[in-house]
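Asks: Encoded as structure tokens, here's the structure I'll be asking about.
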4 protein chains.
Amino acid sequence: MTSRGEVLPVVSEKVIETPDASNPVLVCGLPGSGYVGKLAADHLVTHFKLRRVVVYTSPTFPPQVSVKEDGTAQPPRGELYYASAKRGRGLFVFTADAQPTTSEGEYELSDAVVKFVKKCGVKKVYTLAAYITGSFSKSPRVFGAATSKGMVATLTENGVTMMKDGGISGMNGLLIGLAALRGLEGACLLGETSGYVVDAAASKAVLELLAKVVDLPIDTSKLKEKAEETQKVISQLQAMADQASETTPQPGREQRPGYIG
Amino acid sequence: MTSRGEVLPVVSEKVIETPDASNPVLVCGLPGSGYVGKLAADHLVTHFKLRRVVVYTSPTFPPQVSVKEDGTAQPPRGELYYASAKRGRGLFVFTADAQPTTSEGEYELSDAVVKFVKKCGVKKVYTLAAYITGSFSKSPRVFGAATSKGMVATLTENGVTMMKDGGISGMNGLLIGLAALRGLEGACLLGETSGYVVDAAASKAVLELLAKVVDLPIDTSKLKEKAEETQKVISQLQAMADQASETTPQPGREQRPGYIG
Amino acid sequence: MTSRGEVLPVVSEKVIETPDASNPVLVCGLPGSGYVGKLAADHLVTHFKLRRVVVYTSPTFPPQVSVKEDGTAQPPRGELYYASAKRGRGLFVFTADAQPTTSEGEYELSDAVVKFVKKCGVKKVYTLAAYITGSFSKSPRVFGAATSKGMVATLTENGVTMMKDGGISGMNGLLIGLAALRGLEGACLLGETSGYVVDAAASKAVLELLAKVVDLPIDTSKLKEKAEETQKVISQLQAMADQASETTPQPGREQRPGYIG
Amino acid sequence: MTSRGEVLPVVSEKVIETPDASNPVLVCGLPGSGYVGKLAADHLVTHFKLRRVVVYTSPTFPPQVSVKEDGTAQPPRGELYYASAKRGRGLFVFTADAQPTTSEGEYELSDAVVKFVKKCGVKKVYTLAAYITGSFSKSPRVFGAATSKGMVATLTENGVTMMKDGGISGMNGLLIGLAALRGLEGACLLGETSGYVVDAAASKAVLELLAKVVDLPIDTSKLKEKAEETQKVISQLQAMADQASETTPQPGREQRPGYIG
């Protein structure tokens, strides 16, 4: 009969492969408003045929399994993918089924990912997120923030509208913040979204900007299809809102083409 | 005079015996809605005369002692039982007085149990839980989800209605999810229950299905007695509801025999 | 330039002295309803001229310092006292400025105390607590629960009203529960109190019962003085309530002498 | 393929330099009511041209990055500064972008700072904080509390109004409390402030008192400018309040010169 206590393994990291990467970058997209980042990350994984290299589990993920349509169940996990993308550039993509439920969990998972990719030679970390405006936009802008003045300049040159204050909360902020603390550079690209629908148009916008910033060709035609479906939903909502606005007119609404209430 | 700091032992595991098990399975039943899983687990422990092999304590259990009718008090704990059941099959049963109060606690306790039984040769983990419908059913269905397509097929063959989406929260989900992460297979059987009463009929239903799935004879006559008592309570509630429904008729109610509002 | 991470020292234990104790017991009294346990513990420390042997600090204590009347400030801490009391019996008393703010903190502190006194030969742990009734009683009863049938018998013989169900939450429950898990015996004595005032009469009642149970002479005259002051306050409240009850009579009240509503 | 668990590094301490300090003191100022402590700490860093010697990060800081006006983003961190100030006295200043979000985080960060400066020879720790009165004062008083009677005497001699009860919560309390537990002395100086505005006058008042207590010349003229700006805001608020009070006269107000509502 023995008695023992165990140290809490906050983040468990199962390494399948440590890629021998050439000039790699890390792009992160996580579940959040409009699924902007998650859609973009999933698109990169499929488009570049990335392979899973690390699986992260954490007791700070929501304590549950999700059941899929075929009856199979799986607990939330983080996944780091990798492949050598075109033009000899290595591409890491980090995504997850959920974000951790505590600050400590967010810090630990972010730091585990940053430490791993740093070891593989990553110098720059990008997070793809949503910039919620509450209005629908036909051509969503991309906002940004970065951990260094050099990256702020690069983003600005590529047409990103730099944030001037405020904060980026959760892992989208922490991943670049902890990257900076570990000597890397980080930038967050935030696609303008209403926050009301799964927004593939915003995902497409951030990916197109990312493509310019990291000099990688990214075919976003599949996202375009999804975005067009979203646009139909938005148009219907807009029509309904317009109809409502005819009955109850709201002054000044007409001056804002491309947006609805 | 000395000063020292201590690492938090999140789960403390007191091993009484490490069974030399033959082809064993793990069945878990925990306190929850309708006590479906807990009743079933307690029934297995009594029926197969299982012996306690591991006791788990955790600072994430509710911070209290429960006082029994004889005035004795005990803090919440988890218990793993074992015996070689009929047909040469080893049977582990895990149950607890309470579920941990934090996500981290649920993860750690689930993982400690999975790691121990894996060491003893367990390949399949079953959790018994409740599927709350809000209605009373005379012949409760059994719903299910599993971590592999093979187990989904096995459950389906045995008459389990597979879940098609949604999630299984708490340790019922985590135990099979973490089992899968550690290379085992897991399935959750959820007995249909109203959620309003301690439901031995639902426990009986999941145990009868479990008996088929793991090929173990389980005499559920004692649960049948409890279920009949429950049924009396339900009949009384039904009579009261019918009486109420005579005064305030609700259309369509008659078409749903076996259910009340 | 170096970087390092540190393990969280959940409970820090500063040992001033490890007493060479003879047949010792541990009595615990903590801040809580009516200060019943805390008053009792402080009385024991003063009465038996106990000396401080261990000081506990914990990051789960409320994050603050308390400022005393002379302007000095001190963070919350736990204190274990000891002396050889009369009749050759060693007496440990544990008290604290506050109870930890998390379950984990309560578990860890309780366990640290139990482990230390076990090392010093303690076999029995008593916690002194409040049994809240919402009514004032002139001769407060003492309720109890214990971790073994033997101690239940001893308490019953000494006039304790054993609890028949329910729970004892916080460190009063955990200290005896974890004592039992570590092979000691534990009992909780709960003095009947209204919960509305600092209740020295309840403290006196539990100490008088403790004196019988552990066979230690405890002079409670100082608590009697405090209790009489409390009684004056209660009498005034009672007078006010009686006056109110004359104007708004409540049937059945007269049948419960010794209590006010 | 490997699997590993990691211990949570609660506070990460990046040491840039371990100063060889002569007779040093530690002064701490953190974000809080009226920014009294933070303004004072920032003033000391600028005034004495202190250099950053340790950077602290913690998963208990708010999980976010803050974006500055130039688009750069940074996660919250704690910073310890040092320089040999005038009269051969070493001066450590600790400040942070935010206070940790949990009790445990506050304890750990406070303790990490105290341990580091103790190693460097610090014997006395001062925290600068706000004493909220809800009223505006033209000549803010400085309140105080200390961990030793000797420091209480020193503060009293220098004109500090000692607190007589109550508590000092958060790191302002813990830093001196944990300093005392580690054998140092600590005092908290609290500048009287309304709590409604960023209050440079209160910062100036605590710094002038600190200058006397630690015998360091501190030029507070820049804080005076800021305080005068604040005073203008207060005067406007006062004028508005006076105007309101003319319409709705409140008896007794005139007797309290120097305060408004």
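Asks: Within 21 Å of residue A:126 (Cβ to Cβ) and either of a type in the set (A, V, I, L, M, F, W, C) or without any contact (Cβ under 8 Å) to a residue 24 or more places away in the chain (or both) - does that describe any residue in the stretch A:235-249? Lay out the reasoning, then the answer.
Replies: Step one: filter the stretch A:235-249 for residues within 21 Å of residue A:126 (Cβ to Cβ), giving none.
No, every residue in the stretch A:235-249 fails to be within 21 Å of residue A:126 (Cβ to Cβ) and either of a type in the set (A, V, I, L, M, F, W, C) or without any contact (Cβ under 8 Å) to a residue 24 or more places away in the chain (or both).
Asks: Only one of D:180, D:145, D:129, D:153 is facing chain C (nearest Cβ under 10 Å) and not in a helix (DSSP H, G or I); which? Let's see the steps before the verdict.
Replies: Values: D:180 fails: not in a helix (DSSP H, G or I); D:129 fails: facing chain C (nearest Cβ under 10 Å); D:153 fails: not in a helix (DSSP H, G or I).
Result of the check over D:180, D:145, D:129, D:153: D:145.
Asks: Out of the residues in the stretch A:152-171 that are in contact with a Ser or Thr (Cβ under 9 Å, 6 or more places away or on another chain) and closer than 14 Å to residue A:132 by Cα, state the one that is modelled with the lowest pLDDT.
Replies: A:166
Asks: Go through the stretch C:155-192 and give me each residue that's out of contact with any helix residue (DSSP H, G or I) (no Cβ under 7 Å at 6 or more places or on another chain) and of a type in the set (D, E, K, R).
Replies: C:157, C:164, C:165
Asks: Any residue that is in contact (Cβ under 8 Å) with a residue 24 or more places away in the chain and touching a Cys at 6+ places or on another chain (Cβ under 6 Å) - is there at least one of those in the stretch D:75-87? Can you show your working first?
Replies: Narrowing the stretch D:75-87 to residues in contact (Cβ under 8 Å) with a residue 24 or more places away in the chain: D:78-87.
From the residues that got through so far, the ones that are touching a Cys at 6+ places or on another chain (Cβ under 6 Å) too are none.
Checked the stretch D:75-87: no residue is in contact (Cβ under 8 Å) with a residue 24 or more places away in the chain and touching a Cys at 6+ places or on another chain (Cβ under 6 Å).
Asks: Before we move on, is residue A:94 assigned to a loop (DSSP other than H, G, I, E, B), surrounded by 24 or more Cβ atoms within 10 Å (Cβ to Cβ) and of a type in the set (A, V, I, L, M, F, W, C)?
Replies: On the way: assigned to a loop (DSSP other than H, G, I, E, B): no; surrounded by 24 or more Cβ atoms within 10 Å (Cβ to Cβ): yes; of a type in the set (A, V, I, L, M, F, W, C): yes.
It is false that residue A:94 is assigned to a loop (DSSP other than H, G, I, E, B), surrounded by 24 or more Cβ atoms within 10 Å (Cβ to Cβ) and of a type in the set (A, V, I, L, M, F, W, C).
Asks: If you take the residues in the stretch D:54-75 that are within 13 Å of residue D:97 (Cα to Cα), part of a strand (DSSP E or B) and of a type outside the set (A, V, I, L, M), which one is farthest from the other protein chains (Cβ to nearest Cβ)?
Replies: As a first pass, look at the stretch D:54-75 and keep what is within 13 Å of residue D:97 (Cα to Cα): D:55-58, D:60-68, D:73-75.
Filter once more, keeping what is part of a strand (DSSP E or B): D:55-57, D:64-67, D:73-74.
Filter again for of a type outside the set (A, V, I, L, M), leaving D:56-57, D:64, D:66, D:74.
Numbers: D:56: 11, D:57: 6, D:64: 4, D:66: 5, D:74: 6 Å.
It comes out as D:56.
Asks: Being of a type in the set (Gly, Ala, Ser) and either away from chain C (no Cβ under 14 Å) or in contact with a His (Cβ under 9 Å, 6 or more places away or on another chain) (or both) is the filter here; which residues of the stretch D:14-35 pass it?
Replies: Residues of the stretch D:14-35 of a type in the set (Gly, Ala, Ser): D:21-22, D:29, D:32-34.
Result: D:21, D:22, D:29, D:33, D:34.
Asks: Looking at (1) in a strand (DSSP E or B); (2) away from chain C (no Cβ under 14 Å); (3) under 16 Å from the mean Cα position of the chain (by Cα), find the lone condition where residue B:79 falls short.
Replies: (2)
Asks: Which numbered condition trips up residue C:193, out of (1) crowded, with 21+ Cβ neighbours inside 10 Å; (2) of a type outside the set (Gly, Ala, Ser); (3) modelled with pLDDT of 90 or more?
Replies: Going through the list (1) crowded, with 21+ Cβ neighbours inside 10 Å; (2) of a type outside the set (Gly, Ala, Ser); (3) modelled with pLDDT of 90 or more, residue C:193 breaks only (3).
Asks: I need the full set of residues from the stretch C:202-233 which are of a type in the set (A, V, I, L, M, F, W, C) and more than 18 Å from residue C:26 (Cβ to Cβ), in order please.
Replies: Correct list: C:202, C:205, C:223, C:227, C:233.
Asks: Applying the selection to the stretch B:134-163, what residues are surrounded by 22 or more Cβ atoms within 10 Å (Cβ to Cβ) and closer than 25 Å to residue B:223 by Cα?
Replies: B:136, B:140, B:142, B:143, B:144, B:145, B:155, B:160
Asks: Consider the stretch A:18-64. How many of its residues are surrounded by 24 or more Cβ atoms within 10 Å (Cβ to Cβ), in contact (Cβ under 8 Å) with a residue 60 or more places away in the chain and of a type in the set (Gly, Ala, Ser)?
Replies: Matching residues across the stretch A:18-64 total 5.
Asks: Need pairs with beta-carbon distance below 6 Å; first residue more than 7 Å from chain D (Cβ to nearest Cβ) and part of a loop (DSSP other than H, G, I, E, B) and within the stretch A:97-113, second of a type in the set (Val, Ile, Thr) and surrounded by 23 or more Cβ atoms within 10 Å (Cβ to Cβ); sequence gap 6+ or separate chains.
Replies: What qualifies is A:100/A:60; A:101/A:60; A:102/A:60.
Asks: Another one. Identify, from the list A:227, A:211, A:239, the residue that is more than 14 Å from every other protein chain (Cβ to nearest Cβ), among the aliphatic types (A, V, I, L, M), part of a helix (DSSP H, G or I) and within 15 Å of the chain's Cα centre (by Cα).
Replies: Values: A:227 fails: within 15 Å of the chain's Cα centre (by Cα); A:239 fails: within 15 Å of the chain's Cα centre (by Cα).
Being more than 14 Å from every other protein chain (Cβ to nearest Cβ), among the aliphatic types (A, V, I, L, M), part of a helix (DSSP H, G or I) and within 15 Å of the chain's Cα centre (by Cα) holds for just one of A:227, A:211, A:239, which is A:211.
Asks: Consider the stretch C:156-177. How many of its residues are more than 7 Å from chain B (Cβ to nearest Cβ) and assigned to a loop (DSSP other than H, G, I, E, B)?
Replies: Initial filter on the stretch C:156-177 (more than 7 Å from chain B (Cβ to nearest Cβ)): C:156-161, C:171-172, C:175.
Filter again for assigned to a loop (DSSP other than H, G, I, E, B), leaving C:158-160.
Total satisfying the criteria: 3.
The values are calculated or read from the model by the stated rules, or taken from the named source; none is laboratory data. Predicted model only: the values in this text are computed from it and were never measured. Cβ coordinates were reconstructed from backbone atoms using ideal geometry, including for glycine residues, and neighbour counts include every protein chain displayed.
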